[in-house]
Amino acid sequence: MSRPWGTNHAIRNTQYDIRNTIYKKMLEQFEKIGKDALAGLKKITDLVSLEDFRIKYLARKGQITRMLSRIGEFPSEQKPRAGQLANKIKKDVTEAFEQLKRTLLQSHKQTTELVDVTLPGIPVNIGKTHVITQTINELLDIFGRMGFAVAYGPVVEDEWHNFAALNMGPEHPARDPFDAFYIDDNMLLRSHTSPVQIRVMERKKPPIRVVAPGRVYRPDTVDATHMYMFYQLEALVVDEGISMVDMKTAIEQFIHTFFGPGTKWRFRPSFFPFTEPSGEVDLLLADKSGKESWVEMGGCGMVDPNVFDAVGIDSEKYTGWAFGFGVERLAMRKYGITDIRLFFENDLRFLSQF
Ligand code: PHE
């Protein structure tokens, strides 16, 4: 059976058309994949959905990857066109994907790094100023307002400043209460703050108006009111025409500022080698139960002329007064503390109360 040439030709033409239609469909499919992918990306708002998208389109078995592998199915004259289209789709989708990924990663980072202000805080333990330091600061503040400057002296002193210049020669019997911790024949831990008087007067000529806080040491037996180390506040005023009235006025002003107006106090005659006359200051204060008693705060007196002579101040021209108060005693009375040892045990339950 022979077929007319035209028929064969027609069949070939028909086959050609069918193939062309298939290739056209495939290209349309490509374009649809690309469009769907870009539209799908637009709806994605989180990283999990983005990963699903990657698996669906861009992974090894994803639609776009498979699309590219199908380019080989096109006849050679159509391959360039198909290849160009497929590669463009892949490029567009990949770029849009990467862009979205960057945006989502960025906002993910921001949300996870946000501070939750409702979380309970981490307690910060801030240190406090020790109650003794607080007391000293308050004392310096009060005397500062009364026109006193602040002076400091060394804790390790020599014989001259701690004793001799204060009218206490080696054989002076009054040395006993000031018994001291010696370091060698000449040096000791100062047994009171009065040596600062000497150091001030050696450096400066009157008028003098200073207070000197500091540690002092005495080999005392420790109990509720005695320590081998404690603090004193020394005061020294030297000028022409200074009298006991000035001393009394200053002490009363201080007591009424520190303990409150109306606080009762008294002078009690006493003896110190470096003052003449000498007194002791007692305060009438109530304890927690309301019981009142006289409590000794420290010594005071008019500067002995021998002390002026020792530092080269004219004792005919100048007079002065001085006191030395125990800082712990002032703090104990002010805050109702009954045992001096508490100050130095560093128990936070005690210290944090002030
Ligand atoms: N220094 C004396 C003491 O420690 C106190 C005092 C100071 C007395 C100043 C008189 C004048 O006890």
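The values are calculated or read from the model by the stated rules, or taken from the named source; none is laboratory data. On a predicted model such as this, the values are computed, not experimentally measured, just so you know. Using ideal geometry, Cβ is built from the backbone for each residue, glycine included, and neighbour counts are taken over all protein chains shown. Just so you know, the surface numbers come from the protein's heavy atoms only, side chains and all, with ligands and any DNA or RNA stripped out. Shrake-Rupley method; radii C 1.70, N 1.55, O 1.52, S 1.80 Å.
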remark   = For the stretch 180-206, the count of residues that are over 37 Å from the mean Cα position of the chain (by Cα), within 14 Å of the ligand (Cβ to nearest atom) and over 16 Å from Met168 (Cα atoms) equals 1
Contacts under 7 angstrom Cβ, first residue in the stretch 264-281 being under 20 Å from Ser293 (Cβ atoms) and modelled with pLDDT of 95 or more, partner surrounded by 15 or more Cβ atoms within 10 Å (Cβ to Cβ) and among the polar types (S, T, N, Q), 6 or more apart = Ser270/Ser278; Gly279/Ser270; Glu280/Ser270
request  = Just need a number here: residues in the stretch 165-203 that are of a type in the set (A, V, I, L, M), touching a Gly at 6+ places or on another chain (Cβ under 9 Å) and within 21 Å of Gly298 (Cα to Cα).
outcome  = 3
query = In the stretch 304-351, which residues are aromatic (Phe, Trp, Tyr) and within 13 Å of Thr225 (Cα to Cα)?
reply = Phe343, Phe344
inquiry  = Can you name every one of the helices (runs of 4 or more DSSP H) wholly within the stretch 236-354 that holds 1 or more residues which are within 14 Å of the ligand (Cβ to nearest atom)?
reply    = 244-259, 305-311, 327-335
ask   = Out of the stretch 214-225, which residues are within 13 Å of the ligand (Cβ to nearest atom) and either open to solvent by less than 50 Å² (accessible area, probe 1.4 Å) or in contact with an Asp or Glu (Cβ under 9 Å, 6 or more places away or on another chain) (or both)?
value = Gly214, Val216, Tyr217, Arg218, Asp220
